[in-house]
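Below is one structure, written out as structure tokens, with a few remarks after it.
Each value in this text was obtained by applying a stated rule to the coordinates, not by laboratory testing. Computed from a predicted structure; not experimentally measured. No Cβ is skipped: glycine too gets one built from the backbone with ideal geometry, and neighbour counts run over all protein chains shown.
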Amino acid sequence: MADEAGETREGCIYFTKLQGNGNDFVLIDEMEGTVVPDETRRQFAALYCDRRFGIGADGILFLSKSEKAELKMRLFQPDESEAEMCGNGIRCLAKYAKDREYVKDECTVETLAGEIKVKMRYDAEGEFLATIGMPVPKFARSDIPATGEGEYKEEILGNTVYAVNTGVPHAVIIVDEIGSVDIETVAPLVRNHATFINGANVNFVEKAGENTLRIRTYERGVEDETLSCGTGAMASAAVARKLGMVGDTVQVETWGGPLTVRLGDVNEMEGPARTVFTGAIPL
């Protein structure tokens, strides 16, 4: 018997379940070598992300060594797609790596969206916090990617939709009150709108204070609303800042908890991550 995530002894794959503000992930440790063959990872994610017939998660994180950075992260989602990156996922991966002493208080994580810098610490109450160096928000349609030229602004279903790429493509809709949004009806139509070449995550954003936003996010790949989305928090803050709604430092309140976003010369997101449980998958 073993409790090491990713090890395969006695016919099992060991995993660790973590969450960042309720955005939850199953992590497979492949620092010592491949555990789940690449050609089966998409099906693995579809099976074990299922909340009734699997473990239940918003995605599967694969942690491995990198030739470019200290760590490498790949994220496969319930619809079998691979995401470019994930802010909450990187915090969870960083917590696991720090707890296993793969890294110390700082590291760089290789993702499909580039190399992401991470600073980590445990506060006085023992809560893990990580600050993620996020990609510079990109507003050009070619960078999102979306059809057309210039910056993205479209009227979809009577909503003014902005878009930005913060590592992955995000649509942002400013609303008066997020609780009244019919997210299950509106979000899929925006997420799959013809202007988004690879689809987009969809964020509904409410101004809740001078530099405070409340958001709800429908995630591409999960194909449902999640309790939190790190790149969505960054995207929402970036659009709101561009519209003059907030300043450079923004508190973003998600259903799962708050995130701090800093924009400008430095683009960062700070938030917690927690280990939920470890387990074994019989082969």
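Of note:
- Antiparallel DSSP beta bridges within segment 152-253, percent to nearest 5: 70
- Among 282, 245, 202 - extreme Cα towards positive end, dipole of segment 176-283, charges at beta-carbon: 282
- Helices assigned as whole DSSP H runs in the chain whose Cα atoms extend at least 15 Å along their own long axis and whose mean Kyte-Doolittle hydropathy is -0.5 or higher are found at 230-242.
- Sites listed here are GluC sites (Glu not before Pro) in segment 193-283 whose DSSP assignment is loop and whose Cβ has at most 12 other Cβ atoms within 10 Å: 210.
- Zone of residue 275's modelled label, taken as backbone nitrogen in segment 77-117 under 14 Å from a point 7 Å along Cα→Cβ: 92-103
- Phi-based couplings in Hz for segment 124-131 (Karplus 6.51, -1.76, 1.60; Gly and Pro marked x): 5, 8, x, 8, 7, 10, 10, 10
- The lysines whose alpha-carbon is closer than 30 Å to the alpha-carbon of residue 68, local same-chain residues fewer than 8 away aside, are 17, 95, 98, 104, 117, 119, 138.
- Contact order, relative form, for the chain: 20 percent (alpha carbon pairs under 8 Å, 6 or more residues apart, mean separation divided by residue count).
- Take every pair of alpha-carbon atoms less than 8 Å apart whose residues are at least six positions apart; their mean separation over the length of segment 141-266 yields a relative contact order of 20 percent.
- GNM flexibility winner over the chain from 203, 21, 211 (Cα, springs under 10 Å): 211
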